[in-house]
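Working notes, structure below.
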Amino acid sequence: MFQHIQLPNGLTIIAESNPTAESLALGFFVKTGSRDESPEVSGVSHFLEHMAFKGDEHYTAEDVNRIFDEVGAKYNASTSEEVTCYYAAILPEYLRRTFTLLTTLIRPSLRDDDFDVEKQVIIEEIGMYRDMPPFHLYEQAMSFHFSGHPLGNSILGTAESVGALTSSQMRAYHAVHYRAGNIVLVAAGRVDWDELLGLANEFCSGWPAGQPERIVETPQVESKSQWLLDTTLNQQHVMQMASAPSGDSAQRYIAELVSVMVGDDSSGRLYWELVDPGHAESADLSFNDYIGAGAWSTYVCCRPELTLQNLDKVRQIYEEFNKDGPSADEFERARTKVGSRVVLGSERPMGRLTSLGGNWLSGQGYRSVEDDLETLAKLSLKDVHELLAEFPLLQSTSMGYGPFEGK
């Protein structure tokens with residue numbers, strides 16, 4: 001059963017109760033991420049995620065970790081381009097203790113001493129990911145593809161931007177973006193709605209009201225390429241991007257099927273043409289959706305000398321798929337695969353938590369598992385062709401990283 005309400009201060013509460021579940025998951029979804037940052041505070045959303053676990057006037061960082069362990073919680077936080085989420089999966093009898101702790105994460109003390117220490121931790125994290133070629137390429141390709149648009153902002157920020165960030169800038173950002181109207185409390189599994197609502201009124205009703213405006217502009221994408229030379233790498237990494245449906249578009253469902261048919265990492269066309277015969281270690285296509293924009297993202301990892309050959313093969317696969325679309329059997333296999341993912345993911349409260357929160361923040365409202373399966377059942381080959389006519393698989397933005405110097 002689905003229930004939702006909005007407190008007077010603007011905090012939205014949504015819950016999908018399943019009395020047959022043995023556990024529950026709950027989380028605070030904050031509508032803020034790297035796309036909401038100015039260059040002066042690049043990386044601040046992710047920095048705040050770290051600072052949340054440092055505690056408040058009642059709990060130290062050690063208390064936060066100890067209590068989560070005492071209730072046996074599976075807990076964490078994450079930051080993306082558009083959302084920062086703080087969540088935990090627990091047994092129902094520990095709801096109150098866990099809820100109290102999660103509210104601490106939303107309104108931490110943000111002490112200067114903690115800020116100074118965590119800054120060094122994050123700079124080390126930035127260096128760690130810089131040494132991971134696929135991640136470094138992803139950040140560079142996003143910045144290149146969405147050049148001048150907020151979706152191109154780095155989630156982590158740079159060592160320079162994080163190093164220059166001040167605690168007062170962080171507190172100012174938190175004061176604007178962590179207002180009640182910008183937060184959704186989500187729960188799934190064995191949820192006692194009355195208890196959840198009582199806890200929200202007790203611990204969250206005093207949060208400041210308000211919601212900052214998020215400016216959503218359509219990115220202007222043009223065809224371009226760039227090759228980043230690094231002769232210390234043994235493999236060549238390439239990412240190619242093109243425009244795709246946005247996360248608030250009805251076409252997002254058919255786009256997901258296309259990404260499976262063409263780019264699934266174990267059964268898509270790219271896999272059989274490039275990975276299975278040994279021409280590439282990895283070759284996949286993903287559909288990345290955001291508010292007001294979307295992107296097809298192609299990733300290929302291979303021996304440097306096979307780079308151009310593989311990219312030409314990708315081009316051939318895309319041209320053929322754009323022209324002819326999939327076979328009926330191929331389409332049905334993809335539909336079954338996506339439907340199975342929906343059902344299997346829904347059997348754990350954490351899976352439903354992610355889906356509920358993501359759908360609500362993207363403006364889709366509540367969607368049950370049955371809603372998603374019904375939508376999948378109605379999709380047709382005609383929908384594929386209509387999608388590809390508007391958003392063909394292309395290699396608009398190309399970025400390479402590795403020892404191959406490019407054309």
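Remarks
- Options H145, H136: the member that is buried (at least 19 other Cβ atoms within 10 Å of the Cβ), at pLDDT 95 or above and under 28 Å from C302 (Cα atoms): H145
- Filter pass, D113 being over 30 Å from A244 (Cβ atoms) and either touching a His at 6+ places or on another chain (Cβ under 9 Å) or surrounded by fewer than 16 Cβ atoms within 10 Å (Cβ to Cβ) (or both): yes
For every residue, the table says whether it meets (1) of a type outside the set (G, A, S); (2) in the same structural domain as M261 (by TED's automatic domain parsing); (3) more than 15 Å from the chain's Cα centre (by Cα).
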residue	(1), (2), (3)
D324	yes, yes, yes
F331	yes, yes, yes
A334	no, yes, yes
G339	no, yes, yes
G345	no, yes, yes
G357	no, yes, no
G363	no, yes, yes
Y366	yes, yes, yes
E370	yes, yes, yes
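- Candidates L285, L233, L229, L270: the one that is over 18 Å from the mean Cα position of the chain (by Cα) and surrounded by 19 or more Cβ atoms within 10 Å (Cβ to Cβ) is L270.
- Test result for G263, more than 21 Å from the chain's Cα centre (by Cα) and not charged (D, E, K, R): no
- Listed by position, the helices (runs of 4 or more DSSP H) contained in the range 164-267 that have at least 1 residues being assigned by TED's automatic domain parsing to the domain that holds E319, touching a strand residue (DSSP E or B) at 6+ places or on another chain (Cβ under 8 Å) and closer than 26 Å to C302 by Cβ are 252-263.
- Residue count for the range 308-328, restricted to those that are within 21 Å of V275 (Cβ to Cβ), of a type outside the set (S, T, Y) and assigned to a helix (DSSP H, G or I): 13
- Residue in the range 267-276 that is in contact (Cβ under 8 Å) with a residue 60 or more places away in the chain and not β-branched (V, I, T) present: yes
- 2 or more residues under 29 Å from L151 (Cβ atoms): qualifying helices (runs of 4 or more DSSP H) within the range 3-111: 44-52, 95-106
The values are calculated or read from the model by the stated rules, or taken from the named source; none is laboratory data. As the structure is a computational prediction, the values presented were derived from the model and not from experiment. For neighbour counting, all protein chains shown are included, and Cβ atoms are generated from backbone atoms with ideal geometry for every residue, glycine included.
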